[in-house]
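> If you scroll down you'll find the structure; I have some questions about it.
The numbers here are math on the coordinates, done by the rules we state, and not lab data. None of these values were measured; they are calculated from a predicted model. Cβ atoms come from the backbone with ideal geometry, glycine included; neighbour counts cover every protein chain shown.
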Amino acid sequence: MPSANGKGFSVRTAEFKGTILVNMCDEELVGRTVAEGELKVHLSKEFYSGEVVDTGEALRLIRTCSIVNLAGSRSVSLAVENKVGAPEAVREIDEVPFLMIYKFAG
């Protein structure tokens, strides 16, 4: 369900053998396709939709998951500004930032 202001985070989570995967993007980007040269990425409902969460819940998910795939300026900025992701790891496609974070337990 979309948020009232359209500024939420669309999130889909999955769990496998104790590993939590989070796919998150700015909710208004769901369904959009971005392209740069030969590279094309579709931000599909199947990959990113499950529920729409607010900033606090989005940050909690980013901090507690094992793997997170982020798309959109708000989603990526949330991770970078909270020092969960590195700014040099951000990749932009058609002016939409993307960031993948893998956390290794050691």
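> Say a site is exposed when it is one of the GluC sites (Glu not before Pro), sits in a DSSP loop, and has at most 10 other Cβ atoms within 10 Å; what is then the longest site-free stretch of the chain?
Result for the longest clean stretch: 39-94.
> Given the -39500 (n - 2.57) contribution per DSSP H run of 4+ residues, what per-residue ellipticity at 222 nm results for the chain, rounded to the nearest 500 deg cm²/dmol?
One gets -5500 deg cm²/dmol as the mean residue ellipticity at 222 nm.
> Would you mind classifying region 45-100 by shape? Square roots of the alpha carbon gyration tensor eigenvalues, ordered a ≥ b ≥ c; an a/c under 1.5 is rounded, otherwise it is prolate if a/b is larger than b/c and oblate if not.
Because a/c hits 1.5 or more and a/b fails to exceed b/c, region 45-100 counts as oblate.
> Under 23 Å Cα-Cα from residue 45, which lysines qualify once same-chain neighbours fewer than 8 residues away are excluded?
In chain and number order, the partners are 7.
> Out of all DSSP beta bridges in region 27-106, what portion is antiparallel? Express it as a percent rounded to 5.
100
> Tell me which trypsin sites (Lys or Arg not before Pro) from region 41-106 have a DSSP coil assignment and no more than 14 other beta carbons within 10 Å of their own.
Here the trypsin sites (Lys or Arg not before Pro) that fit, given the DSSP loop and packing criteria, are 83, 103.
> Here's something else I'd like to know. Are there chymotrypsin sites (Phe, Trp or Tyr not before Pro) in region 31-105 that DSSP marks as loop and that have at most 14 other Cβ atoms within 10 Å, and which are they? List each step's numbers first, then the result.
Numbers: sites: 47, 48, 98, 102, 104; in loops: 104.
Within region 31-105, the qualifying chymotrypsin sites (Phe, Trp or Tyr not before Pro) (loop, at most 14 other Cβ atoms within 10 Å) are 104.
> Quick check for me: using +1 on Lys/Arg Cβ and -1 on Asp/Glu Cβ, what's the dipole size of region 9-102 about its Cα centre, in debye to the nearest 20?
Value, rounded to 20: 360 debye.
> Rounded, prolate or oblate, given the Cα gyration tensor of region 1-70, with a/c below 1.5 counting as rounded?
Numbers: a/c = 2.08, a/b = 1.21, b/c = 1.72.
Oblate.
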